[in-house]
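**Student:** Could you have a look at this structure, given as structure tokens, before my questions?
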Amino acid sequence: MYDLIIIRYGEIGLKGDNINDFISQLVANIERATRDLGEFEISTVYGRIFLYAESDKIEKIVGRLVNVPGIISLSPAQRFRIGKKVANFEQQDFEKLKRKVVQLFKAEVKNYPTTFKVETTRADKSFPMESPELNRELGAEILREVESKTRPLSVDVHQPEHLFEIEIRRGKIYIFIRREAGPGGLPVKSSGKALLLLSGGIDSPVAGWLGLKRGLTLNAVYFNSPPYTSERAKEKVVDLTKVLSRYGGEIKLQIPYFTEIQQEILKKSPRRYTVTIMRRMMIRIANRLAEMNGELALVTGESLGQVASQTLEGLRSSDEVAEFPVLRPLITMDKNDIIALAKRVGTYEISIRPHEDCCTIFVPDNPATQPKLDTIHFGEEDLEIENLIDRAIEKMEVITISEGAAE
């Protein structure tokens, strides 16, 4: 029934002289997301990308593209060729168009009673019929051919249940009735590389998704502490990375050995400051990995005031040892908002699996919520910081996770 997908972008259209670079990156990401399904013709006009494919592959492609950052919406569509001279559009052509419109409406609309509206975008002004006239004629044809006792149908121009759309461009008419939402934002790889500090919790995968939506290319680091954390805790993080890879492509998941560092902190640092100092050690390791991988920022799932280590004082203590900008996409969001996003992204059900990460099992009963930098410095004096980081990275496991594309 369909022979192409109309892909729309939003924010990219505001990029001025750089717009072609962003569109080219988005097209490359579309090709990456669909490459195992075949090679497809892709063309662009202002505000639109057209992907042409066989009818039996359209729905699978749509399922992939709704996960591609930079896409604001997309529609499976049919082409109706007018010919080289749009002004020669004749009555016989119009009758064929009416039949196609009715066929598509019947195929897509199953539940009655219902309401609809026809809306035309006439980008090619040489087309002989104006938009209001086309809307009236095609709307009337749908009513004549579809409305019946078993299919009660009416027009609602304000809040229709179904919006049947017509786009007229460059000698072709495109007809469609569905709009599937994409993530929006910017194409992955258009904003540089960053390193995501990924735990098995709810927050950090959502922060990673928001980073991808702003055009970042992500790798990830997860701090593993066997035997205090189980193999299932690591599997949970691998599964979360697979979900993120649906949106951003290949991700390198780096898993330093964090057990020795935690043991040393518990032995040599003030108990109330253990979480703060562990967090600083994570940032230090992330610094080293970002330097190795050519990343320009760190991304964390911190939300202001959510836990003891995420007060302004705690964030300041982390920033003191950061050698790269620390991006915190969730910093002002409350937990309910983050959970809602996690469900939308597809990470929530994985994140709530009952397997602890390396921080929660070492949280003291009364952690410092307003840690003082001089006390932190004192608590780190006996730690062989550089040697501990070296050993954690020497024992690091690296897993390259390619796309977990959802069928």
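The values are calculated or read from the model by the stated rules, or taken from the named source; none is laboratory data. All of these numbers come straight from a predicted model, not from anything done at the bench. Glycine gets a Cβ as well: all are built from the backbone with ideal geometry, and neighbour counts include every protein chain shown. The protein model used for the area step is the full one, side chains on, heavy atoms only, and it has no ligands, DNA or RNA in it. Shrake-Rupley method; radii C 1.70, N 1.55, O 1.52, S 1.80 Å.
**Student:** Expressed in nm to one decimal, what extension gain is obtained for the pair PHE80 and LEU304 from 0.36 nm per residue of sequence separation less their Cα-Cα distance?
**Tutor:** Gain on stretching PHE80 to LEU304: 75.3 nm.
**Student:** Please give the FRET efficiency for VAL45 paired with ASP156, using the beta carbon to beta carbon distance and R0 = 41 Å, rounded to the nearest 0.05.
**Tutor:** 0.85
**Student:** What ranking do 146-158, 198-210, 254-266 get when scored by the average of other Cβ atoms within 10 Å per residue, highest first? The partial results should precede the final answer.
**Tutor:** Numbers: 146-158: 11.5, 198-210: 25.5, 254-266: 19.9.
Most protected by this proxy first, the peptides run 198-210, 254-266, 146-158.
**Student:** Now for a different question. Sequence gap at least 6, Cα distance under 8 Å: using those rules, report the relative contact order of region 2-179 to the nearest whole percent.
**Tutor:** 25
**Student:** Which angle between 0 and 90 degrees, to the nearest 10, do you get for helix 274-293 versus the longest principal axis of the chain when only C-alpha atoms count?
**Tutor:** Between the helix axis and the principal axis of the chain, the angle is about 60 degrees.
**Student:** Would you mind checking the tilt of helix 19-34 against the longest principal axis of the Cα atoms of the chain, expressed as 0 to 90 degrees and rounded to 10?
**Tutor:** It works out to around 90 degrees.
**Student:** Starting with the highest mean, order 184-191, 380-387, 3-10 by the number of other Cβ atoms within 10 Å, averaged over the residues of each peptide.
**Tutor:** 184-191, 3-10, 380-387
**Student:** Can you give me the accessible area per residue for region 9-80, using a 1.4 Å probe, in Å²?
**Tutor:** Heavy-atom SASA per residue in region 9-80 reads 45 Å².
**Student:** Below 10 angstrom from the Cβ of LEU186, what's the summed charge of the other residues (Lys, Arg +1; Asp, Glu -1)?
**Tutor:** With Lys, Arg at +1 and Asp, Glu at -1, the net is +3.
**Student:** Whole-Hz ³J(HN,Hα) for each residue in region 155-171, computed from phi via Karplus 6.51 cos²θ - 1.76 cosθ + 1.60 with θ = phi - 60°, x for glycine and proline: what do you get?
**Tutor:** So the J values, rounded to whole Hz, are 8, 9, 7, 9, 9, x, 6, 10, 9, 8, 10, 10, 10, 10, 9, 6, x.
**Student:** Can you give the angle from 0 to 90° between the axis of helix 231-248 and the longest principal axis of the chain, with both taken from C-alpha atoms, to the nearest 10?
**Tutor:** The angle comes out at about 40 degrees.
**Student:** Quantify, in whole percent, the carbon and sulfur part of the accessible surface of the chain (1.4 Å probe; protein heavy atoms only). Spell out each step's value before the answer.
**Tutor:** Working: 8870 of 18860 Å².
Taking all protein chains in place, the chain shows 47 percent carbon and sulfur surface.
**Student:** Kindly give the semi-axes, whole Å and largest first, of the ellipsoid equivalent to region 1-148, taking each as the square root of 5 times a Cα gyration tensor eigenvalue.
**Tutor:** Over the Cα atoms of region 1-148, the ellipsoid semi-axes are 30, 20, 15 Å.
**Student:** Express in nm, to one decimal, how much length is gained between THR332 and GLU235 on full extension, taking 0.36 nm for each residue of separation and deducting their alpha carbon distance.
**Tutor:** Working it through step by step, the gained length comes to 32.0 nm.
**Student:** So, counting K/R as plus one and D/E as minus one, what does the shell of residues with Cβ under 10 Å around GLU119 add up to?
**Tutor:** Local net charge: -1.
**Student:** I want the antiparallel fraction of DSSP beta bridges within region 2-179, as a percent rounded to 5.
**Tutor:** 70
**Student:** Report the calculated FRET efficiency for LYS15 and ARG353 (r = Cβ-Cβ distance, R0 = 56 Å), to the nearest 0.05.
**Tutor:** For LYS15 and ARG353, the calculated efficiency is 0.90.
**Student:** May I pose another question? Any idea of the accessible area per residue across region 191-399, 1.4 Å probe, to the nearest Å²?
**Tutor:** 43
**Student:** Starting from 0.36 nm per residue, how many nanometres of slack lie between THR375 and GLU250 once their C-alpha separation is accounted for?
**Tutor:** Extra length available between THR375 and GLU250 comes to 40.9 nm.
**Student:** Follow-up. Quick one: which of 306-318, 274-286, 40-52 comes out on top by average Cβ neighbours within 10 Å, and what's the full order, highest first?
**Tutor:** Ranked by mean Cβ neighbours within 10 Å, highest first: 274-286, 306-318, 40-52.
**Student:** Note down the magnitude of the dipole of the chain about its Cα centre, charges +1 on Lys and Arg C-beta and -1 on Asp and Glu C-beta and zero elsewhere, to the nearest 20 debye. Present the calculation step by step, with values, prior to reporting the outcome.
**Tutor:** Details: 57 positive and 59 negative charges, 278 e Å.
It comes to approximately 1340 debye.
**Student:** While we're looking at this one, here's another question. Taking only C-alpha pairs under 8 Å that are 6+ residues apart, what is the relative contact order of region 191-399 in percent?
**Tutor:** RCO, region 191-399: 34 percent.
**Student:** If you count the DSSP beta bridges with both ends in the chain, what percent of them are antiparallel, to the nearest 5?
**Tutor:** Roughly 60 percent of the DSSP beta bridges within the chain come out antiparallel.
**Student:** Please report the orientation-averaged projected area of region 32-111, defined via the convex hull of its C-alpha atoms, in nm².
**Tutor:** It is 7.4 nm².
**Student:** Enter the Cα centre distance for the pair region 167-212 and region 274-293, rounded to the nearest angstrom.
**Tutor:** 29
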